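The values are calculated or read from the model by the stated rules, or taken from the named source; none is laboratory data. Note that the structure is a prediction, hence the values are computed from the model and not measured. Here the Cβ positions follow ideal geometry from the backbone for every residue, glycine too, while neighbour counts run over all protein chains shown. In case anyone asks, the SASA skips ligands and DNA or RNA and just uses the protein heavy atoms, side chains included. Shrake-Rupley method; radii C 1.70, N 1.55, O 1.52, S 1.80 Å.
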Amino acid sequence: MKKTVTATVTHRFRASAERVFDAWLDPVTARAWMSVTNPSLGEPDVRRVEIDARVGGRFTFSDMRADGEAVHWGEYRLIDRPRKLVFTWWTSEEEEEADLSTVTLTIEPDDTGCVASIVHEMSAEWSEWIPQTRQGWGGMLDQIDTHLT
């Protein structure tokens, strides 16, 4: 059994749990929030947003960066609307083969909207990337918030 590490972020939304959850699975909405400018992530250049929103379904997201196209893909492991979404997160075929990168999005409704938490469990070899991983997921949650409000 390989060792893993986690990166965790939390964000409070004024939007409902259903709207936040659906933002992850609807391709049109996902492309819209991924295209929102974010100071921590820079100016996005989204190329691909492909989503097969079912357990066992896959997704692919890509954007252009200074060093070329960054492609992220994975498989949905659990879809429990609007409370929990679990999916794998890969950036290379080696990562996909190792299958040691899992993201769990948990959304808790509250009186004024909801609180979303992301826990990204990954191979311990990526431990030095935890700050950047937190920043990336936090930036995505900020983008969703900007888009929904």
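On inspection, Val86 qualifies as among the β-branched types (Val, Ile, Thr) and assigned to a strand (DSSP E or B). Pairs are defined by a Cβ separation below 7 Å, a sequence spacing of at least 6 or placement on different chains, a first member in the stretch 51-68 that is within 28 Å of Thr37 (Cβ to Cβ), and a second member that is among the hydroxyl-bearing types (Ser, Thr, Tyr); the pairs so defined are Ala53/Tyr76.
When each of Ala98, Ala7, Ala15, Ala70 is tested for being within 25 Å of Val115 (Cα to Cα), over 13 Å from the mean Cα position of the chain (by Cα) and not basic (Lys, Arg), the lone residue that passes is Ala15.
Out of all the residues in the stretch 117-130, which are assigned to a helix (DSSP H, G or I) and polar (S, T, N, Q)? I'd like the intermediate steps shown before the answer.
Residues of the stretch 117-130 that are assigned to a helix (DSSP H, G or I), as a first pass: 124-130.
Selection gives Ser127 alone.
Restricting the first member to the stretch 28-46 and to residues that are part of a helix (DSSP H, G or I), and the second to residues that are open to solvent by 60 Å² or more (accessible area, probe 1.4 Å) and modelled with pLDDT of 75 or more, the beta-carbon pairs closer than 6 Å and six or more apart or on different chains are Ala32/His147; Trp33/His147. Being open to solvent by 40 Å² or more (accessible area, probe 1.4 Å), touching a residue at least 40 places away in the same chain (Cβ under 8 Å), among the hydrophobic types (A, V, I, L, M, F, W, C) and within 27 Å of Arg14 (Cβ to Cβ) is true of Ile79. Just to be sure, is Ile107 of a type outside the set (Ser, Thr, Tyr) and under 14 Å from the mean Cα position of the chain (by Cα)? Taking the combined requirement at face value, the residue satisfies it.
If the condition is being out of contact with any strand residue (DSSP E or B) (no Cβ under 7 Å at 6 or more places or on another chain) and at pLDDT 95 or above, then the stretch 98-131 contributes Pro109, Glu128, Trp129, Pro131. In the set (1) open to solvent by 20 Å² or more (accessible area, probe 1.4 Å); (2) in contact (Cβ under 8 Å) with a residue 24 or more places away in the chain; (3) over 18 Å from Thr4 (Cα atoms); (4) in a strand (DSSP E or B), the condition left unmet by Cys114 is number (1). Of everything in the stretch 54-70, what is surrounded by fewer than 17 Cβ atoms within 10 Å (Cβ to Cβ), at pLDDT 95 or above and either of a type in the set (A, V, I, L, M, F, W, C) or not in a strand (DSSP E or B) (or both)? Give them in sequence order. Of everything in the stretch 54-70, those that are surrounded by fewer than 17 Cβ atoms within 10 Å (Cβ to Cβ), at pLDDT 95 or above and either of a type in the set (A, V, I, L, M, F, W, C) or not in a strand (DSSP E or B) (or both) turn out to be Arg54, Val55, Gly56, Gly57.
Leu100 - would you say it is touching a residue at least 12 places away in the same chain (Cβ under 8 Å) and touching a Leu at 6+ places or on another chain (Cβ under 7 Å)?
No, not satisfied.
Filter the stretch 117-135 for residues that are surrounded by fewer than 18 Cβ atoms within 10 Å (Cβ to Cβ) and within 19 Å of Asp63 (Cα to Cα) and give the result. Break it down into steps so the answer makes sense when it comes.
Kept after step one, since they are surrounded by fewer than 18 Cβ atoms within 10 Å (Cβ to Cβ), are these residues of the stretch 117-135: 117, 119, 121, 123-132, 134-135.
Gln132, Arg134, Gln135 - these are the residues of the stretch 117-135 that are surrounded by fewer than 18 Cβ atoms within 10 Å (Cβ to Cβ) and within 19 Å of Asp63 (Cα to Cα).
Looking across the stretch 89-107, just one residue is assigned to a strand (DSSP E or B) and open to solvent by 40 Å² or more (accessible area, probe 1.4 Å), and that is Thr106.
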